[in-house]
1. Just for region 173-189: of the residues that are within 13 Å of ligand 1 (Cβ to nearest atom) and within 18 Å of residue 259 (Cβ to Cβ), which one is surrounded by the most Cβ atoms within 10 Å (Cβ to Cβ)?
2. Across region 1-29, which residue is nearest to ligand 2 (Cβ to nearest atom) among those that are part of a loop (DSSP other than H, G, I, E, B) and surrounded by fewer than 23 Cβ atoms within 10 Å (Cβ to Cβ)?
3. Which one is nearest to ligand 1 (Cβ to nearest atom), of the residues in region 252-271 that are farther than 16 Å from residue 151 by Cα and touching a residue at least 12 places away in the same chain (Cβ under 8 Å)?
4. Considering every residue within region 143-150, establish whether at least one is more than 18 Å from residue 36 (Cβ to Cβ), away from ligand 2 (no atom under 14 Å from the Cβ) and assigned to a loop (DSSP other than H, G, I, E, B).
5. Report, by residue number, each residue of region 122-136 that is out of contact with any strand residue (DSSP E or B) (no Cβ under 8 Å at 6 or more places or on another chain) and in a helix (DSSP H, G or I).
6. Using the structure shown, decide if residue 155 is in a loop (DSSP other than H, G, I, E, B), within 16 Å of ligand 1 (Cβ to nearest atom) and surrounded by fewer than 17 Cβ atoms within 10 Å (Cβ to Cβ).
7. Identify, from the list 272, 223, the residue that is modelled with pLDDT of 95 or more, touching a strand residue (DSSP E or B) at 6+ places or on another chain (Cβ under 6 Å), surrounded by 17 or more Cβ atoms within 10 Å (Cβ to Cβ) and under 19 Å from residue 9 (Cα atoms).
8. Any residue in region 30-47 that is away from ligand 1 (no atom under 15 Å from the Cβ), part of a strand (DSSP E or B) and either in contact (Cβ under 8 Å) with a residue 60 or more places away in the chain or more than 21 Å from residue 223 (Cβ to Cβ) (or both)?
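The values are calculated or read from the model by the stated rules, or taken from the named source; none is laboratory data. Just so we're clear, the structure is a prediction, and the values are computed from it rather than from any experiment. FYI the Cβ positions are ideal-geometry reconstructions off the backbone, even for glycines, and counts take in every protein chain you see.
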Ligand code: RIB
Ligand code: CA
């Protein structure tokens with residue numbers, strides 16, 4: 001059983017990652033914290049609460065995190081995820097209370113109370129995790145690994161060489177990647193291969209339970225932004241679920257261990273994840289970088305997980 005905390009900015013693909021975690025008997029989702037990224041902090045927090053209500057997991061504590069990145073104003077992605085951050089489905093209003101503490105306080109409480117080390121799964125900008133490491137350095141030893149969706153080895157999706165999550169808060173990402181905690185990174189290189197195709201979204205509609213029906217609507221909405229021919233996609237790239245899929249089935253992925261660091265100064269490349277694939281820097285290989293995926297197996301996992309809901 002893997003104990004995890006999810007720090008996320010739901011967000012359609014964050015929602016799918018949460019669904020995979022909740023559906024699996026191998027994962028114990030101890031807490032959910034929300035970050036500002038895909039939408040404003042109020043909306044991502046509300047979305048996290050709505051998702052746990054939809055999936056009948058109101059027992060999981062939720063706390064809201066950062067209002068802005070560490071060093072720059074917040075930039076959101078309403079053009080991708082819609083006004084609510086989860087457009088495309090009628091999700092229930094939250095029917096349970098948010099925790100009366102901040103995200104980093106909930107992470108600290110959860111780590112203190114866990115007998116075993118905990119994996120942090122980060123699927124949005126890394127502001128909360130950076131703040132947590134700065135405020136509670138004594139709890140670093142309770143973190144088994146950080147598995148995050150973010151970055152790219154090459155082409156970005158928000159500026160030419162920068163991926164959105166890292167773009168939003170490069171300083172936070174730099175702090176986390178240099179914290180000395182074992183890291184698994186799901187960059188665009190692998191998540192752009194983790195596409196769901198229209199017939200597969202249609203097949204989700206055949207599952208016929210309220211959760212699958214909601215996710216079909218969410219995916220139909222999420223697919224529209226990615227239809228632009230400039231991307232060269234056949235479907236919608238499911239970025240964040242790659243984190244949970246790796247935790248459950250690492251054999252589904254190809255990966256390489258390498259040094260990854262973050263550019264925070266460059267005028268044109270601020271937020272770029274600099275991946276030392278050819279070992280040119282001699283810097284420690286701090287990150288297991290996922291580079292390929294067994295897409296059919298990944299889609300099968302999503303289908304099978306959706307079928308577990310009543
Ligand atoms: O670039 C993709 C990432 O940015 C995903 O985590 C998506 O949810 C957005 O947060
Ligand atoms: Ca996300």
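1. Per the stated criteria, the residue is 173.
2. Among those that are part of a loop (DSSP other than H, G, I, E, B) and surrounded by fewer than 23 Cβ atoms within 10 Å (Cβ to Cβ), it is 24.
3. Here the answer is 253.
4. no
5. Step one: filter region 122-136 for residues out of contact with any strand residue (DSSP E or B) (no Cβ under 8 Å at 6 or more places or on another chain), giving 125, 127, 130-136.
Correct list: 127, 130, 131, 132, 133, 134, 135.
6. Values: in a loop (DSSP other than H, G, I, E, B): yes; within 16 Å of ligand 1 (Cβ to nearest atom): yes; surrounded by fewer than 17 Cβ atoms within 10 Å (Cβ to Cβ): yes.
Against the criterion (in a loop (DSSP other than H, G, I, E, B), within 16 Å of ligand 1 (Cβ to nearest atom) and surrounded by fewer than 17 Cβ atoms within 10 Å (Cβ to Cβ)), residue 155 qualifies.
7. Among 272, 223, only 223 is modelled with pLDDT of 95 or more, touching a strand residue (DSSP E or B) at 6+ places or on another chain (Cβ under 6 Å), surrounded by 17 or more Cβ atoms within 10 Å (Cβ to Cβ) and under 19 Å from residue 9 (Cα atoms).
8. Looking for residues that are away from ligand 1 (no atom under 15 Å from the Cβ), part of a strand (DSSP E or B) and either in contact (Cβ under 8 Å) with a residue 60 or more places away in the chain or more than 21 Å from residue 223 (Cβ to Cβ) (or both), one finds at least one in region 30-47, hence yes.
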